[in-house]
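Computed from the coordinates by the stated procedures, all read-outs in this text should not be read as laboratory data. From a predicted model like this one, the values you see are computed outputs, not experimental measurements. For neighbour counting, all protein chains shown are included, and Cβ atoms are generated from backbone atoms with ideal geometry for every residue, glycine included.
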Amino acid sequence: MSDYPEWETVIGLEIHAELNTKSKLFSTAPNRFGDEPNTNITEVCTGQPGALPVLNKEAVRKAVQLGCAINGQVAKFSKFDRKSYFYPDSPRNFQITQYDQPIVIGGTVIAEVDGVEKSFAVNRVHLEDDAGMLKHFSNFAGVDYNRAGVPLVEIVSEPCIHSPKEAVAYAMAIRAILMYIDASDCNMEEGSLRMDANISVRKKGETGLRNKIEIKNMNSFSNMELALHAEIARQVRAYENNPSAPIHTVIAQATYRWDPDKKETVMMRRKEHADDYRYFPEPDLVPIILTDQYIEEMRQSLPELPLQRERRYVRELNLSPDSSFHLVSDKPTVEYFEKALNVCGNARSLCNWILVEFAGRFRESSANLVTSGILPEHLAHLVNMIDDGTITGKIAKQVADDMVSHPGKDSRKIVSENPDYQPVGDRASLEAFVLEVISENPQSLADYKAGKDRAFGFLVGQVMKKTKGKANPAIVNELLTEKIKNF
């Protein structure tokens, strides 16, 4: 935490991921987003008297696979508990969760932070059902119970994260694992992945933990990073402004939310304790009993995981660790990359066009490269045309703009139809430009002959400027080297 060199941040994350099962955790109601309110419900979802829950075994399978993927201890015995709280979105007035005997204990997640692999310890993973959603209108509020009973896994980290950047990297790695094993679509806009952060600060060298603040329901990585930075600043400021006050009185444990308009964390309520929820074993559900054989079958069924693919890309494709991490962190994006790689062998250039060039073009849009309609092979053709000298890098950027404007149109067709995209490649045409640039820049010529290599790059740039970026750079370099000898 470079802004506060005397202070250390301690963060623990609770990540809630909705599992993509066909039905809910304890009922046959469809587990589906976007339907008309209160249509995907049964007596169990709405907590009707006498309605009994029945466990969805597919949710158990996905939770076990997650436990295997993070090398956690999958419990052969786990049970459900009732967590009591009163709120309109909880029709039973309690949540069915796992309190003291969760389905997964421990585990490790490895994520890339500034190009360096870091290990983060997971405390537990437990199954629980989701609550409904409050809908606020101009003069009234309603409750949609379609989400009530949707299966969740809650992944709880140890307090082992020490910066907002580390928190984002860890959360991205969790999201990638969930998507790779097809446990969740992790659509943050639809709320199927939500993050709570417990955060405190302490003086460097302290070993104990100070009072923590919980920031609830962050549904984007950028908002989480902003919220953590703001809360760190707030806590440090509070301690530094009250140096003589007892530490435990400066920051009171409470639950906050992130206000993106005010760019600050806002208190919602004082922090509850476990006793406030009156946990007790769920009497209507038997424990989950798993066998060693079942757990091993789930372990063997795992696909190539994000970390394995990331390391393979670094080793085999010569991608940088940071680029590889960001590429594999989103399953649809990395699948797009793999399809393009079948047509173009320049992995580093493809990666750059995906993560930098096209990501920038869609930054202000609700779409992205994967959903835009631009086909992977069309991107591959663009990179191939740069590599074989058909177009220059500058022309390629203009072609990319056209690809965004006309998704589905092959980059090769865009180039062939536009005379301005035809590169100047014949030596005779370029020779005139080269001679002109040399005669107009005697000082740069003298500098280059004096051993200043940057002057040569300047001369190349001048030729490219005169040809409006259409000159073949390899031929320009060759001609400049040849002609300079005669001056």
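Relative contact order for the chain using alpha-carbon pairs under 8 Å, separation at least 6, rounded to a whole percent?
Values: 868 pairs, mean separation 67.2, N = 487.
Averaging sequence separation for qualifying contacts and normalising by length gives 14 percent for the chain.
Based on the Cβ-Cβ distance from ALA141 to THR249, what FRET efficiency comes out when R0 is 35 Å, to the nearest 0.05? Walk me through the intermediate numbers first.
Working: r = 36 Å, r/R0 = 1.04.
So, using R0 = 35 Å, E works out to roughly 0.45.
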Whole number please: convex hull volume per residue of the Cα set in the range 108-265, in Å³?
153 Å³
Excluding exposed DSSP-loop GluC sites (Glu not before Pro) (at most 15 other C-beta within 10 Å), longest clean stretch of the chain
44-188
With θ taken as phi - 60° and the coefficients 6.51, -1.76 and 1.60, list the Karplus ³J(HN,Hα) couplings across the range 159-170 in order, rounded to whole Hz; mark glycine and proline as x.
x, 10, 9, 10, 7, x, 5, 5, 4, 5, 4, 4
Rounded to the nearest 0.05, what FRET efficiency do ASN223 and ASN441 give with R0 = 45 Å and r taken as the Cβ-Cβ distance? Could you check?
0.35
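How big is the antiparallel share of DSSP beta bridges in the chain, given as a percent to the nearest 5?
Numbers: 57 of 61 bridges.
Here the antiparallel bridges make up roughly 95 percent for the chain.
So what is the orientation-averaged projected area of the range 199-275, using the convex hull of its C-alpha atoms, in nm²? Numbers along the way, then the final one.
On the way: hull surface 24.5 nm².
That works out to 6.1 nm², a quarter of the Cα hull's surface.
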Quick one: what are the phi-derived ³J(HN,Hα) couplings along the range 183-192, Karplus 6.51/-1.76/1.60 with θ = phi - 60°, whole Hz, x for glycine and proline?
8, 7, 7, 6, 6, 6, 5, 8, x, 7
Name the lysines eligible as straight-distance cross-link partners of LYS76: C-alpha to C-alpha under 16 Å, and not fewer than 8 places from it in the same chain.
LYS57, LYS62
Mind giving me the FRET efficiency for GLU264 and TYR4? R0 is 22 Å, r the Cβ-Cβ distance, nearest 0.05 is fine.
0.80
Treat the range 427-484 as a sphere of radius equal to its Kirkwood radius over Cα pairs and apply Stokes-Einstein at 4 °C in a medium of 1.567 mPa s; give the translational diffusion coefficient in µm²/s, rounded to a whole number.
117 µm²/s
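Determine how many Å³ per residue the convex hull of the Cα atoms of the range 345-473 encloses.
Given the Cα convex hull of the range 345-473, per-residue volume reads 128 Å³.
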Counting other Cβ atoms within 10 Å of each Cβ, which trypsin sites (Lys or Arg not before Pro) in the range 92-142 have at most 15 and sit in a DSSP loop?
none
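Based on the Kirkwood radius over alpha-carbon pairs, what value in µm²/s does the Stokes-Einstein equation return for the translational diffusion coefficient of the range 330-421 at 10 °C and 1.306 mPa s? Mind showing how you got there, number by number?
Numbers: Rh = 13.0 Å.
Rounded, D is 122 µm²/s.
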Dipole-positive endmost among VAL266, ILE232, ILE354 within the chain (Cβ charges, Cα centre)
ILE232
Over the chain, the sum of -39500 (n - 2.57) across DSSP H runs of at least four, divided by residue number and rounded to 500 deg cm²/dmol, gives at 222 nm -11000 deg cm²/dmol
At a Cα cut-off below 23 Å, give the lysines reachable from LYS204, other chains included and same-chain residues fewer than 8 away excluded.
LYS118, LYS165, LYS212
What residues qualify as long-range amide H neighbours of GLU206, i.e. H under 5 Å apart, gap of 5 or more or another chain, H built at 1.01 Å from N?
none
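Using the C-alpha gyration tensor of the chain, what are the square roots of 5 times its eigenvalues, in whole angstrom, with the largest one first?
On the way: eigenvalues 565, 158, 91 Å².
Here the semi-axes work out to 53, 28, 21 Å.
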I need the phi-derived Karplus couplings for the range 13-21: 6.51 cos²θ - 1.76 cosθ + 1.60, θ = phi - 60°, integer Hz, Gly and Pro marked x.
10, 10, 9, 9, 10, 6, 7, 8, 6
Taking the Cα centre of the range 263-319 as the origin and placing charges on Cβ (Lys, Arg +1; Asp, Glu -1), which of PHE280, ILE295, TYR313 is farthest toward the positive end of the dipole?
TYR313
Distance from a point 7 Å along Cα→Cβ of ALA359 to each backbone N in the range 376-420: keep the residues under 19 Å and list them by number.
376, 379-380, 383, 397, 400-401, 404
Given the range 7-295 reduced to its alpha-carbon atoms as identical point scatterers, what log10 I(q)/I(0) does the Debye formula return at q = 0.07, 0.09, 0.15 Å⁻¹?
-0.27, -0.45, -1.24
Tilt relative to the chain, helix 427-440 - C-alpha long axis, 0 to 90 degrees, to 10
90 degrees
